[in-house]
Amino acid sequence: MKIVVAIKQVPARDSQLSIASSRKWIEEADLSYEINEPDAYALETGLQLKEAHGGEVVALGAGPARVAQALREALAKGADRAIHIEEEDHGALDPLGTARLLAAALRSEAPDLVLTGLESDDLGYGQTGAMLAELLGLPHASIVMHVEKLDGGIRVKCELEDGWFQYVEMPLPALLTIQSGISELRYATLMGIKKARTKEVRRVTAADLGVAGPEGAPAASVTIDRIYFPEHTKRTQVFEGNPREAAAQLVEKLRFEARII
């Protein structure tokens, strides 16, 4: 079974963020990066399926040269090879643009199963996986908590609301977006790190994949006009009427505006 895991590299969680002078993105020069946490769980799921049923795991990532570090980490943990879509301005892409890049790289691979994280830690759209499935024409399931291989397909456990779960049987090929916490993450061993140095990392560009726009990069369908830190403001509101009426107004505000009761 060929399993492709899409991996995004994001700023480390303890990073101190500052806004770039363009006001359209964060300043990246002094940041440290890591594998997006939900994608790390997707990788772990793929590795466990490979160990149980055989096949290969291919790590797929898009972004500038630094993304090679995340792909090498995936190889050190047990992925067999990697594909790096080199895209210097990848931070400007929206979920659809990213999905188009990944879909173009995946068509020649013809995987049995594609795994992505549920969402990214930096932007949190939670849309790329579903869009990728649509572009590839694959059945898909989201918020997946468990994957079981069946004859000719898979059975997945999806998380719903209020502690409810849904079990779905799906044919292969398929795409799943994996929820964080699905299993315990493994660490890269010293032997795995050594082996990763000799594993294949194929590098392609948007132009190679046939999805480049007139300026060499895929066209974005969503653009960011400005980013900024939330403004801290204080406001006092006085509730009129007798104590019973004032209390009723306070409860309404707490329930429907503050949403804390």
Quiz item: How many residues does segment 150-167 contain that are surrounded by fewer than 13 Cβ atoms within 10 Å (Cβ to Cβ) and not charged (D, E, K, R)?
Solution: 8
Exercise. Find the residue count for segment 48-70, including only residues that are assigned to a helix (DSSP H, G or I), surrounded by fewer than 21 Cβ atoms within 10 Å (Cβ to Cβ) and among the aliphatic types (A, V, I, L, M).
Key: 2
Quiz item: Only one of His84, His90 is out of contact with any His (no Cβ under 8 Å at 6 or more places or on another chain), at pLDDT 95 or above, under 30 Å from Arg23 (Cβ atoms) and not small (Gly, Ala, Ser); which?
Solution: His84
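Which residues, taken from segment 7-41, are buried (at least 16 other Cβ atoms within 10 Å of the Cβ) and either of a type in the set (D, E, K, R) or part of a strand (DSSP E or B) (or both)? Steps first, please.
Quick first cut of segment 7-41, residues buried (at least 16 other Cβ atoms within 10 Å of the Cβ) only: 7-11, 15, 33-41.
Answer for segment 7-41, where residues must be buried (at least 16 other Cβ atoms within 10 Å of the Cβ) and either of a type in the set (D, E, K, R) or part of a strand (DSSP E or B) (or both): Ile7, Lys8, Gln9, Val10, Pro11, Tyr33, Glu34, Ile35, Glu37, Asp39.
The values are calculated or read from the model by the stated rules, or taken from the named source; none is laboratory data. Everything numeric here is computed off the predicted structure, so don't read it as measured data. Using ideal geometry, Cβ is built from the backbone for each residue, glycine included, and neighbour counts are taken over all protein chains shown.
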